[in-house]
Amino acid sequence: MTTKNKKELIVSAIENGTVIDHIPVNAVLKVIKILGIDAHQDEVLIGMNLESKKYGRKGIIKVRNKYFEKSDLNKIALAAPHATLIVIKDYEVAEKIAVQIPNTIEKIVKCINPNCITNNEEMDTKFSVIEKEPLKIQCHYCEKTMTNIRFTE
Ligand code: CTP
Ligand code: ZN
């Protein structure tokens, strides 16, 4: 049996839904959180530390009977910049989309400025993306720029 066949046994094919492939192993749980997959009512298959020719080891998430908005999917670009999003219909690959860093980022990232209003009031954060590669973002409220992303809990 080839490696690929073994892999298919570990995380089986889905009939309909979304596959998120090529996730860095340490970002799988973050991606689940960002997309709200932890609240999904149908089957979710997760593989971690799977062999990948391109990336050494990877994570994969398969969400049955769920299709995401492109804007939602782009949020995961911060945690998994090389992820591939695969739309599955009737067991076939219907669409493959590469994630893209969005122009604005809401809620999921924390401002590093301790005096920022977002760190002192109950409110959502908001950032503009100034540069995508390497990533540089600016807080909408205090205008602090940052290159290291810290996710909110
Ligand atoms: N997949 C799935 N269910 C299906 C069809 C595909 O879960 N009914 C998954 C496969 O397991 C794979 C991904 O969707 O992880 C992409 O499928 P495919 O393009 O056939 O695989 P590869 O050619 O290996 O893609 P890549 O080279 O981009 O990794
Ligand atoms: Zn700020």
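The values are calculated or read from the model by the stated rules, or taken from the named source; none is laboratory data. Fair warning: this is a prediction, and the values are worked out from it, not measured in the lab. Cβ coordinates were reconstructed from backbone atoms using ideal geometry, including for glycine residues, and neighbour counts include every protein chain displayed. Just so you know, the surface numbers come from the protein's heavy atoms only, side chains and all, with ligands and any DNA or RNA stripped out. Shrake-Rupley method; radii C 1.70, N 1.55, O 1.52, S 1.80 Å.
Out of the total accessible area of the chain (probe 1.4 Å, heavy atoms of protein only), what percent is carbon and sulfur?
Looking at the chain in its full context, I get 45 percent from C and S.
Give the long-range amide H neighbours of LYS144: residues separated by 5 or more places, or on another chain, with amide H under 5 Å away, using H modelled in the peptide plane at 1.01 Å from N.
Those qualifying (amide H under 5 Å, at least 5 residues apart or on another chain) are CYS139.
Might you work out the accessible area of ASP90 for me, using a 1.4 Å probe with all protein chains in place, and round it to the nearest 10 Å²?
110
In terms of modelled amide H atoms, which long-range or inter-chain residues lie less than 5 Å from the amide H of PHE151?
Those qualifying (amide H under 5 Å, at least 5 residues apart or on another chain) are LYS110.
Provide, as a two-decimal number, the C-alpha radius of gyration of the stretch 50-153 over 2.2 N^0.38 Å, N being how many residues it has. Walk me through the numbers before you get to the answer.
Details: Rg = 16.3 Å, N = 104, 2.2 N^0.38 = 12.8 Å.
For the stretch 50-153, the normalised Cα radius of gyration is 1.27.
Compute, for the chain, the length of the dipole vector about the Cα centre, with Cβ point charges of +1 (Lys, Arg) and -1 (Asp, Glu) only. Units Debye, rounded to 20. The partial results should precede the final answer.
Values: 23 positive and 20 negative charges, 127 e Å.
Charge dipole of the chain: 620 debye, to the nearest 20.
When the solvent-accessible surface of protein heavy atoms is calculated with a 1.4 angstrom probe, in what order do MET48, MET146, MET123 fall, highest first?
Working: MET48 85, MET146 10, MET123 65 Å².
Sorted by accessible area, descending: MET48, MET123, MET146.
Can you run phi through the Karplus equation (6.51, -1.76, 1.60; θ = phi - 60°) for the stretch 32-39 and list ³J(HN,Hα) in whole Hz, with x for Gly and Pro?
In residue order, the calculated couplings are 4, 5, 4, 8, x, 5, 4, 9 Hz.
So if the hydrodynamic radius of the stretch 17-78 is defined as the Kirkwood radius over C-alpha pairs, what does Stokes-Einstein give as its diffusion coefficient at 20 °C and 1.002 mPa s, in µm² per second?
Details: Rh = 11.8 Å.
Diffusion coefficient, whole number: 181 µm²/s.
GLU133 versus GLU69, label points 7 Å from Cα toward the beta carbon: distance in nm?
2.7
When Lys and Arg each count +1 and Asp and Glu each count -1, what net charge do the other residues less than 14 Å away from THR118, Cβ to Cβ, add up to? Write down the numbers at each step before the final one.
On the way: positive: LYS107, LYS110, LYS126, LYS144, ARG150; negative: GLU106, GLU121, GLU122, ASP124, GLU143, GLU153.
Here the charged neighbours net out to -1.
Toward the positive end of the charge dipole of the chain, about the Cα centre and with charges on Cβ (Lys, Arg +1; Asp, Glu -1), which of SER52, MET146, ALA94 goes farthest?
SER52
Taking 8 Å as the Cα distance limit and 6 or more residues as the minimum spacing, I'd like the relative contact order of the chain as a percentage.
Values: 279 pairs, mean separation 30.8, N = 153.
Relative contact order, the chain: 20 percent.
Can you pull the accessible area of SER52 for me, 1.4 Å probe, Å² to the nearest 10?
Rounded to the nearest 10, that gives 20 Å².
Stretch HIS140-GLU15 to full length: gain in nm at 0.36 nm per residue minus the Cα-Cα span?
Values: separation 125, 0.36 × 125 = 45.00 nm, distance 4.16 nm.
Full extension of this stretch gives 40.8 nm more.
How far apart, in nanometres, would the label points at LYS126 and ASN103 be if each is projected 7 angstrom from Cα along the Cα-to-Cβ direction?
1.4
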